[in-house]
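Structure first, commentary second.
The values are calculated or read from the model by the stated rules, or taken from the named source; none is laboratory data. The model shown is predicted, which means the values in this text are computed figures rather than measured ones. All Cβ positions, glycine included, derive from the backbone under ideal geometry; neighbour counts span all protein chains shown.
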Amino acid sequence: MSSMVHVSQHPLVQHKLALLRSQVTEPKKFRELVREIAQLLFYEATQDLALAPLTVETPLAPCQGYEVADRIGIIPILRAGLGMAEAIITILPTAHVWHLGLYRDHETLQPVTYYNKLPKEPDIDLSLVVDPMLATGGSAVAAVDILKRWGARRIKFLGLIAAPEGVELLSRTHPDVAIHLAAVDSHLNELGYIVPGLGDAGDRQFGTG
Ligand code: PRP
Ligand code: URA
C-alpha cells in the first residue's frame, strides 16, 4: 500500500469501529460513533498543520501559545459525509464546510454530481474530503477531480471503511492525496458494497432504506 495511505491503529478507533459495524447499532448510536471516529481520524490526519505563534494573557502572566495557521475546508460528500463534517467543525470551528452532492448510480456504480457549494476562489490551504465509505473509489475520485479543477492544491481524504479497490483507484488517480481510514476491508460484493463493511452508511445514519 502507498505511503500516502494511513490506517489508524488506535485502540479507541478500533473499539468504536466494531460497534459501528454491528447490525444492532441503531441510528442514534451510529451517528454518535461516526462523529467520534471522525474526530479521532481528524486528529491523526492533522499532525502536520501549520501553527502561528501568539501571546495569551493567563490570569498570572503573558504566555507564548499557538494558533492553527492553515485555513481548512471540509468537503463532505452528501449524504453520508455530513456526520463526519459536523464532528470536525465541533473541534475546529474555524474550518469552512463546502458540500458536494454525489450519489452512486445503482446500475453503473458511477458517481453522479447533483450539488456543488464550492465558492469561486479556493481561499484555503488544506481541503479535507470526508465520506465514511470508499468503495469503488468513484465518488472520492470525482470529488478530488472537482477540487483540483477548482484550484485546491493540498487535499486529504478521510474515510471510515475502504475496500482495497477504492484505495487502489484513489491512490493511483491522485497519488498526492493522503488517505486516512479506520479500516481496509476484504472486498466489494457484486452490488458494490464493502464486505464486511457496515452496510449503507447514509441509510444507517439517517434511518432510511
Ligand atoms: C455512498 C458513500 C460514498 C459512495 C462510495 O454514497 O457515502 O459517497 O457511496 O461509493 P464509491 O466509492 O463506489 O463511489 P451513496 O452513493 O450511497 O449516496 P448517499 O450517501 O446519498 O446514500
Ligand atoms: N456505500 C455505502 O454506504 N456502503 C458501502 O458498502 C459501499 C458504498
Checking the structure you have, find out if any residue of region 112-130 is polar (S, T, N, Q), over 29 Å from His10 (Cα atoms) and within 14 Å of ligand 1 (Cβ to nearest atom). yes
Could you say which residue among Val24, Val5, Val13 is of a type in the set (A, V, I, L, M) and free of Cβ contacts under 8 Å to residues at least 40 places away in the same chain? Val24
Confirm whether Thr94 is surrounded by 11 or more Cβ atoms within 10 Å (Cβ to Cβ) and either assigned to a loop (DSSP other than H, G, I, E, B) or not aliphatic (A, V, I, L, M) (or both). no
Across region 137-169, what is the number of residues that are among the hydrophobic types (A, V, I, L, M, F, W, C) and in contact (Cβ under 8 Å) with a residue 40 or more places away in the chain? 10
Within region 170-208, take every residue that is within 9 Å of ligand 2 (Cβ to nearest atom), touching a residue at least 24 places away in the same chain (Cβ under 8 Å) and in a helix (DSSP H, G or I) and give me the one that is nearest to Gly101 (Cα to Cα). Gly202
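Do you know which residues across region 151-169 are part of a helix (DSSP H, G or I) and either more than 14 Å from ligand 2 (Cβ to nearest atom) or of a type outside the set (A, V, I, L, M, F, W, C) (or both)?
Within region 151-169, Pro164, Glu165, Gly166, Glu168 qualify.
The rows are residues; the columns are (1) touching a residue at least 40 places away in the same chain (Cβ under 8 Å); (2) outside any helix (DSSP H, G or I).
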| residue | (1), (2) |
| --- | --- |
| Ala38 | yes, no |
| Phe42 | yes, no |
| Asp48 | no, yes |
| Thr55 | no, yes |
| Leu60 | no, yes |
| Gln64 | no, yes |
| Ile74 | yes, yes |
| Glu86 | yes, no |
| Ile89 | no, no |
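Within the group Phe157, Phe206, which residue is within 13 Å of ligand 1 (Cβ to nearest atom), modelled with pLDDT under 95 and within 26 Å of His15 (Cβ to Cβ)? Can you show your working first?
Values: Phe157 fails: modelled with pLDDT under 95.
Of Phe157, Phe206, the one residue that is within 13 Å of ligand 1 (Cβ to nearest atom), modelled with pLDDT under 95 and within 26 Å of His15 (Cβ to Cβ) is Phe206.
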Against the definition (modelled with pLDDT of 95 or more, more than 15 Å from ligand 2 (Cβ to nearest atom) and closer than 24 Å to Val184 by Cβ), how does Ser127 come out, yes or no? yes
The correct count of residues that are surrounded by 14 or more Cβ atoms within 10 Å (Cβ to Cβ) and either assigned to a loop (DSSP other than H, G, I, E, B) or over 14 Å from the mean Cα position of the chain (by Cα) (or both) in region 117-129 is 4
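Just to be sure before I move on: is His106 more than 16 Å from ligand 2 (Cβ to nearest atom) and at negative phi in the structure I sent?
Numbers: more than 16 Å from ligand 2 (Cβ to nearest atom): no; at negative phi: yes.
No; evaluated as a whole, the condition is false for this residue.
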Residue within region 139-150 that is surrounded by fewer than 23 Cβ atoms within 10 Å (Cβ to Cβ), within 9 Å of ligand 2 (Cβ to nearest atom) and closer than 22 Å to Ser3 by Cα present: no
Note on region 6-43: residues polar (S, T, N, Q) and either under 23 Å from Ile72 (Cα atoms) or at pLDDT below 95 (or both) are Ser8, Gln39
